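The values are calculated or read from the model by the stated rules, or taken from the named source; none is laboratory data. Because the structure is predicted, anything quoted here is derived from the model rather than measured. With ideal geometry, Cβ positions are generated from the backbone for all residues, glycine too; neighbour counts draw on all protein chains shown. Accessible surface is based on the protein model in full, side chains and every heavy atom, while ligands, DNA and RNA are left aside. Shrake-Rupley method; radii C 1.70, N 1.55, O 1.52, S 1.80 Å.
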Amino acid sequence: MMSEHELKSLEITDLRVTFDGFRAVDGVSLRVGPGDLRFLIGPNGAGKTTLVDAVTGLAAAGGSVRFGGNELLGRPVHRIARLGIGRTFQTATVFEKLSVLQNLDIAAGARRPLRTLLRQRRGIPEEVGRALETVGLTADRDRPAGTLAHGKKQWLEIGMLLVQDVQLLLLDEPVAGMSHEEREATGELLRRIGRDRTVVVIEHDMDFLRAFASSVTVLHAGRVLSEGTVAEVQADPRVQEVYLGQPPETVPESVAAATPGVTAEAAAAGGAVEA
C-alpha cells in the first residue's frame, strides 16, 4: 500500500528525559530513514519505551525530535498524531465487541459522527479495503475483534494505523506472545509496510530481530551503546560485556557450538540479549 506522501526520516538529536532527577534517556541521537526497519533493543530500564513516549508526546523531553522536518517536542499528543505518527503498545488496543471492519472504519474516520461509523455500509472505503488486504484480515472483516487470535489483534491494530496514513510507526514488542507462524507473518507485514514508511520496533525476541531487522540500535542506561546491522551489533564487545557482564573472550566455545555457523562472540551477544 503505497503512500502518496514524500518519504520522511525520523531524526533524534541529544534527546533527554528526566524523572525526579533520574535521567531515563541521556543524550540519545539517531536517525531512521524510510525502508530501514529499525529495531531498538536493550535490557529493562534502558530507555526504549521512554524514548518512544518522548517521540509521541507522552513524556516531556529536551533535545530535538524531527520527523519530515517538523519538530515534535513540545507539541501535544494529538498534534503529533496528525503529523502522521502512530504507535502500538504491548497489549493490542482494539474495540473487541466491534467487527474488524468497524474497527478500521472508526480509525479511518475518527472525526466523523459515531452513528455514521456503525451503520451498515453499501461498500468498503478504499483505504479500509487496502488495509484489510495488507494486514491479511480480509476474510475476518466481519468477525468481532475480540474473537481474533492474539497475532491477528496485533495486525488489526497496525491496520488501524495504516488507514490513518501513518508515516512513522512505533511498535512496542509486536510479536510478544505470538506463535512461530504469527511471528513470521508479522515480520513479512513489517517489511511490506516499511517499504514506504518509517518503522521502529522495540523488541526482545532475538530470533525475530535476526530474521527481519534492517538495522539495530542498542540502548543501555539511557544512552546509545551500539548501532549497525545485526551482525555488527552482535560482534560489538561493548554489547557482549553489558549483557553478559564479561568480556567476549571468556564466552565458552560450547555456546557457539550449539548454534552452527555462529561464532562465540555472536552467540554471546545474541544469547545475552535473549536473557
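Structural remarks
- Reach of K152 by Cα under 22 Å, taken over lysines that are not fewer than 8 positions away in the same chain: K97
- Among residues other than R75 with Cβ under 13 Å from its Cβ, the summed charge is +2 (Lys and Arg +1, Asp and Glu -1).
- Amide H contacts of T18 (H built 1.01 Å from N, in plane; Pro and chain starts excluded): A24 sit under 5 Å, all sequence-distant by 5 or more or on other chains.
- Between the residues F208, L156, V175, the greatest Cα displacement towards the positive end of the dipole of the stretch 150-213, with unit charges on the Cβ of Lys, Arg, Asp and Glu, is found for L156.
- The solvent-accessible area of D207, taken with every protein chain present and a 1.4 Å probe, is close to 100 Å².
- Distant-in-sequence amide contacts of S99, defined by a placed amide H-H separation under 5 Å and a gap of 5 or more residues or a different chain, comprise A145.
- Evaluating 6.51 cos²θ - 1.76 cosθ + 1.60 at θ = phi - 60° for every residue in the stretch 178-185, the Karplus couplings come out as 8, 6, 4, 5, 5, 5, 4, 5 Hz, glycine and proline recorded as x.
- Residue-by-residue Karplus 3J(HN,Hα) for the stretch 204-217, coefficients 6.51, -1.76, 1.60, Hz, glycine and proline x: 10, 7, 6, 5, 5, 4, 4, 7, 10, 5, 7, 8, 9, 10
- Integer Hz, Karplus 6.51/-1.76/1.60 couplings in order for the stretch 62-77, x for Gly and Pro: x, x, 8, 10, 10, 10, x, x, 9, 6, 9, 4, x, 8, x, 3
- Overall form of the stretch 1-99 per C-alpha gyration tensor (a/c, 1.5; a/b vs b/c): oblate
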